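To start, the structure itself, in structure tokens.
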Amino acid sequence: MPQNPHYYTLRKECVLDAEFVRFVEIIRQYGYRYQYGGYWYTQLDVDEWFYWTMGAPLEETILINRKDLKLKESGE
């Protein structure tokens with residue numbers, strides 16, 4: 001996505017599915033709502049990164065997105 005450069009972690013590539021699930025739960029429990037591209041997401045800031053998922057039910061969530069906070073602040 002050239003208009004929104006970011007990284008992601010695929011659930012199927014995680015060694016422990018329980019760790020992936022727990023981080024999704026943490027994002028959704030402690031994150032904040034943020035609107036991007038006409039859609040609302042729950043995001044969580046950790047150090048220099050923010051994380052979000054696409055909002056699918058937990059059992060259908062296949063990835064966690066990650067983006068540098070500096071890019072968010074600069075509008076990129």
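Some notes on this structure:
- Test result for Val15, surrounded by 11 or more Cβ atoms within 10 Å (Cβ to Cβ) and at pLDDT 95 or above: no
- Pairs linking a residue in segment 61-76 that is closer than 24 Å to Arg11 by Cα and surrounded by 13 or more Cβ atoms within 10 Å (Cβ to Cβ) to a residue that is modelled with pLDDT of 90 or more and of a type in the set (Asp, Glu), with Cβ atoms under 8 Å and 6 or more positions apart or on different chains, are Asp68/Glu48; Leu69/Asp45; Leu69/Glu48.
The values are calculated or read from the model by the stated rules, or taken from the named source; none is laboratory data. Quick caveat, the model's predicted, so the values are computed rather than measured. Every residue, glycine as well, gets a Cβ built from its backbone with ideal geometry; the counts of neighbours run over all protein chains shown.
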